[in-house]
Amino acid sequence: MNQENMQVMVASAYGTADVLQLQTLKTPSPKANEILIRNYVTNVTAADIMMRTGLPKIGRLYLGLTKPKQPVLGFDFAGEIVAIGEAVTTFRIGDKVFGGTTKLGCYAEYVCVNQEDVITTIPENCSYEQAAPIASSANTVLNFLKGLAQIKANDRILINGASGGLGTYAVQYAKFVGAEVTGVCSSVNVALVQSLGADYVIDYTQEDFTKNRQHYDIIFDTVGKRSFSECKQSLSPTGTYLSSVIGLPLVLRSLVQAIFGKQKVKFSATGALPVKKRLAYLLEIREIMATGHLKSVIDRSYSLENLAQAHQYVEGGHKKGNVVVSC
Ligand SMILES: NC(=O)c1ccc[n+]([C@@H]2O[C@H](COP(=O)([O-])OP(=O)(O)OC[C@H]3O[C@@H](n4cnc5c(N)ncnc54)[C@H](OP(=O)(O)O)[C@@H]3O)[C@@H](O)[C@H]2O)c1
């Protein structure tokens, strides 16, 4: 049974983490095609920081020119269905579900999601905490490794930022498809990246992978720290460089390589993919999780009241895997 009112975190302006303020709002009612979810866990990533700060400013064209159009941020949800609209056929009250919605609103105890959005049921072997970060981070990894790079068994892949949100899923997914995986992280995270199955781990504080004369079919820079120019000599002649951090030099370089080069430079904004594509990735990850081949690394867990602290920690740029928030 849902309550009349709910706790939400509101960002009524762009700014530092203290713009996030706890408020009580009326619990929404699902429209015909919508599902009302008691949202137990959400997730904080670098994308949340961009939405809260409105930086880079180009993003404000979509988010709102002077302040967030949707003041309740939060993309990921994991919870239980407590009410459904009259046209909902694919889910039932009581289903445990997870996913992500570009309509945001997940920094809240309750969220309404269209039944055709990026949403599915949580596998039985998986907790709300495990499920919450998947739709943003693991989905991005499938978009890059499966969609853009078409990774396959025996490919040699290097993952830079292997201890982060994207990196921890990327190591596991690449191993799952049978690739040979080299993870790059700092000394404190070497054991973590090994535990995820990486064949080789390079400590970036001790060794520069761009100078070790190894060659990779795919280099996935999950944290935007090493450019294509730096990685070029470490890529096989027809290799693919991927970067999740989009900027003008990357865009220009990808165009040049697409026309003149055998080595490819690729990027994508996963949130801008069609819902159907993102849902297909979510369903695929769900199956991998259900068979125990992929897990979410949880670094820290915060309460909704302490969301500002979660934002500050993520902003530091050194989280290990994921930072989740109980709502
Ligand atoms: N294009 C898309 O569709 C898309 C989707 C999602 C995210 N993104 C972007 O992808 C980026 C990464 O997201 P994320 O959630 O994975 O980030 P994250 O978890 O916050 O990244 C933190 C990790 O980065 C590592 N790191 C920091 N400096 C490093 C360096 N110099 N070399 C190697 N690793 C380093 C840290 O390891 P140490 O502590 O060991 O240094 C830490 O584990 C963000 O910029 C985000 O906006 C893009």
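When the charge dipole of the chain is built from unit charges on Cβ atoms (+1 for Lys and Arg, -1 for Asp and Glu) and taken about the Cα centre, the candidate among Phe91, Gln206, Ala132 whose Cα reaches farthest toward its positive end is Gln206.
Which loop-located trypsin sites (Lys or Arg not before Pro) does the stretch 106-185 contain, where loop means any DSSP state but H, G, I, E or B and the Cβ has at most 16 other Cβ atoms within 10 Å?
Of the trypsin sites (Lys or Arg not before Pro), the ones in loops of the stretch 106-185 whose Cβ has at most 16 other Cβ atoms within 10 Å are Lys152.
Structure remark: mean-square fluctuation, Gaussian network model of the chain, C-alpha springs under 10 Å; the largest value among Asn33, Asn160, Asn43 belongs to Asn33. Considering helices alone, the calculated mean residue ellipticity of the chain at 222 nm is -6500 deg cm²/dmol, with DSSP H runs of length four and up weighted by -39500 (n - 2.57) and normalised per residue.
Neighbour counts of other Cβ atoms within 10 Å put Ser243, Ser234, Ser29, Ser326 in the fewest-to-most order Ser29, Ser326, Ser234, Ser243.
By the Kirkwood approach, averaging reciprocal distances over each pair of separate Cα atoms, the stretch 137-270 gets a hydrodynamic radius of 14.4 Å. For the stretch 230-327, trypsin sites (Lys or Arg not before Pro) meeting the loop criterion (DSSP other than H, G, I, E, B) and having at most 13 other Cβ atoms within 10 Å: Lys262. What residues from the stretch 117-140 fall in the zone where the backbone N is under 12 Å from a label point 7 Å along the Cα-to-C-beta line of Lys276? Under 12 Å, as judged by backbone N against the label point of Lys276, lies no residue of the stretch 117-140. Please label the shape of the chain as rounded, prolate or oblate, based on the square roots a ≥ b ≥ c of the eigenvalues of the alpha-carbon gyration tensor (a/c under 1.5 means rounded; beyond that, a/b larger than b/c means prolate, else oblate). Taking the square roots of the gyration eigenvalues as a ≥ b ≥ c, the chain is prolate. Under the criterion of Cα pairs below 8 Å and six or more residues apart, the relative contact order for the stretch 137-270 equals 22 percent.
At a temperature of 25 °C and a viscosity of 0.890 mPa s, determine how fast the stretch 1-79 diffuses translationally according to Stokes-Einstein, using the Kirkwood radius over alpha-carbon pairs as Rh; express D in µm²/s, rounded to the nearest whole number.
On the way: Rh = 13.8 Å.
D, rounded to a whole number, is 178 µm²/s.
Taking other C-beta atoms within 10 angstrom as a stand-in for reagent exposure, Val82, Val193 fall in the order Val82, Val193, fewest first.
Values quoted throughout were computed directly from the atomic coordinates according to the rules given, and no laboratory measurement underlies them. Treat the numbers as computed from the prediction; the structure is a model and nothing was measured. Glycine also receives a Cβ, built like all others from the backbone with ideal geometry; neighbour counts cover every protein chain displayed.
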